[in-house]
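Note sheet for the following structure.
Taken together, the values in this text are just the output of simple stated rules run on the coordinates, not laboratory data. Not measured: the values here are computed from a predicted model. No Cβ is skipped: glycine too gets one built from the backbone with ideal geometry, and neighbour counts run over all protein chains shown.
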Amino acid sequence: MKKIYLLSLLLLLLFTACQQDNNDPAPGQRPEERLSQALTDYKTQLVSAPYGWKATLKPNGGGLYSFFFKFNENDRVAMSADISSGAAGPPAETTYRLKGMQVPALIFDTYSPLHILADPDPQALLKTVGLPGEPGQGLFSDFEFTIDSLATNVVQLTGNLQQSKMILVPATQEEFNAYTAGQLKVVIDQTTAYQKANPFIYLLSGDGTRVQVNINAATKTFSLISLANGNVQILNSLFTYTTRGILLEPALVVNGTAIQELFWDSANQVFYAEINGSRVEVQSSPTPIIPLHNFVGVTFNTIAVPPQALPGWSPDFTSKQQQAASAILAGPYALRLDYMYFLFDVQSRTMALNIIVYQGNNGFLALYPFSYTKTADGVYNFTAQTPNGNAQVIAEDMSPLLNHINNDNFTMDFFQDPDAGTLGQMKSVQNPEFYFTGEFQTN
C-alpha cells in the first residue's frame with residue numbers, strides 16, 4: 001500500500017512538472033522581453049536615418065514648431081528648432097533615452113528647445129518664444145513622448161503629460177547640410193529683418209486684387225487678408241520655418257489656388273510662392289493694404305494708451321496728457337493717471353474710454369462712454385454719454401484730452417516703429433497736430 005502511494009506521488013509530481021514546462025513562454029515571448037526588443041528596434045530605426053529627422057510639434061497651447069533631430073547610438077541627439085533664432089543655429093547636442101514604461105517612450109532628458117516650450121515661467125517663455133504661456137504649464141507641450149507608431153518614413157509620437165503631437169519624417173542630405181550649416185537661423189533672422197523693413201506686404205491675386213500677407217512669428221500664424229464688400233476676410237494657417245522659407249499647415253486656398261509654402265530668396269531678400277508653375281513674389285507697399293478701421297471688432301477692439309509716451313505721440317497730445325496727469329495728481333485725491341483704453345463695440349456702435357487711476361496701490365475706473373458714427377472712409381465722430389462717478393470727479397482735470405474726443409472727428413491708422421512694432425494711431429481731423437498711438441488688444 002505504501003509503495004502504491006509513493007508511486008502515485010511521483011507520477012503526480014512528474015505530471016505537474018510537465019505542465020509547467022509546457023506553459024513556460026518561449027524566449028522572446030515574455031512581455032518584458034518583447035518591450036526590450038521593441039526599444040532596441042526603435043533605437044535602431046531612429047539612429048539609422050542617415051541624414052536625421054525633420055519634426056513638427058503641435059503643443060496644446062497653440063502654435064506649430066519645427067525641429068531637426070540627428071539621433072546617435074550613444075544616447076545623444078543633435079537638435080535645432082524654429083522656436084527662436086537662438087535655437088535655430090547649427091544643431092546642438094543634448095541627450096535622449098528610450099524607456100520601457102507601459103509602452104515604449106522617447107524621453108529627451110536634458111534641457112533643450114523642447115523643454116523651453118514647456119517652461120512653467122511665463123516670462124522665460126515670453127523672452128524666448130514671444131508668448132507668455134500659462135503659469136505652471138507653459139505652452140502645454142511635452143519632452144517625454146509615447147511612440148504611437150514607427151515606420152520607415154514616419155514616426156508618430158504623443159506627449160505623456162500634455163498630449164501634444166509630434167511627427168518625424170526623414171531628412172534629405174540637402175536638408176541635413178542646410179540644418180548643419182545653420183540655414184534655419186538665417187531664414188528666421190532675415191525674415192525678421194524683412195518684416196521690420198516691410199510692414200505692409202501683399203500678394204496679387206489672379207484678378208489683380210492685393211491680398212494682405214501677415215506673418216506672426218509669436219503665434220506662428222500666417223494670414224491672407226482681403227476685403228469683400230467692405231468686410232475683412234481672413235484666411236489663417238499655422239506655419240513653421242524651414243531651411244528654405246515657411247511651410248503652411250494646412251495650405252491656404254486663394255481663388256482656387258492652394259499655397260502650401262513661401263520660399264525665401266536670400267539674394268533678393270523677398271518671399272515668393274510657386275503658383276501654377278510661375279514665381280509670384282510677395283510685394284511691399286509703403287502704406288497699409290487694408291485701412292485699420294476695417295479691423296476694428298475683427299482682429300482687435302481696443303487701443304490701449306499707456307501712461308508713458310509711445311512712438312507716434314504728437315507733441316500736442318503729449319503735452320495735454322502730461323497736463324491732465326499733473327492735474328489729477330495735484331487734486332484732492334492725489335490720483336495717478338495710468339492706462340487709457342479706447343474700447344470699441346462695433347455691434348452697438350459705442351466706444352468706452354476707460355481711464356485707470358490709482359490712489360496709492362488702489363486702482364479705480366473712470367468710465368467715459370460714447371456712441372459713434374463712422375463714414376465709409378473710416379472717419380469717427382464720438383458723442384458723449386453719461387460718465388460714471390469716478391469720471392465726473394476728474395472730468396475737469398482730464399478736459400485737455402476729453403475736449404478733443406468730444407468735439408473732433410478722428411481717423412485711425414497703422415503706425416510702424418522699428419522697436420515698438422505695429423501700433424494703432426488715432427488722429428484728429430480738425431486738429432491734425434493732435435494724435436496718439438496705442439497697443440492693440442482684444443478684450
Task: Where GluC sites (Glu not before Pro) in DSSP loops with at most 16 other Cβ within 10 Å are excluded, longest remaining stretch of the chain - done: 74-395
Task: Label-to-label distance, nm, for residues given as Glu33 and Lys165 (7 Å Cα→Cβ offset) - done: 3.7 nm
- [ ] Give me the net charge of Ser428's neighbourhood, meaning all other residues with Cβ under 10 Å from the Cβ of Ser428; Lys, Arg count +1, Asp, Glu -1.
- [x] -2
Task: Relative contact order (percent, whole number), the range 184-290, Cα cutoff 8 Å, 6+ residue spacing - done: 26 percent
Open item on the list: So the label point goes 7 Å from the Cα of Thr318 along Cα→C-beta, right? Which residues of the range 409-443 then have their backbone N under 15 Å from it?
Closed with: 433-438
TODO: Can you check what the Kirkwood hydrodynamic radius comes to for the chain, Cα pairs only, in Å to one decimal?
DONE: 26.3 Å
Task: Estimated FRET transfer efficiency (Val298, Thr172; beta-carbon r; R0 56 Å; 0.05) - done: 0.85
- [ ] Based solely on C-alpha atoms, express the radius of gyration and the Dmax of the range 41-121 in angstrom.
- [x] 12.9, 37
TODO: On a 0 to 90° scale, report how tilted helix 2-23 is relative to the longest principal axis of the chain, with both axes built from alpha carbons and the result rounded to the nearest 10.
DONE: 40 degrees
Task: Separation of the Asn236 and Tyr111 label points, Cα + 7 Å toward Cβ, nm - done: 3.2 nm
TODO: Find how much the distance from Ala92 to Thr219 grows on full extension, using 0.36 nm per residue of separation minus their present alpha carbon separation; answer in nm with one decimal.
DONE: 43.3 nm
TODO: Straight distance only, please: which lysines reach the Cα of Lys43 with their own Cα at less than 25 Å, same-chain residues fewer than 8 apart left out?
DONE: Lys54, Lys58, Lys70, Lys99, Lys165
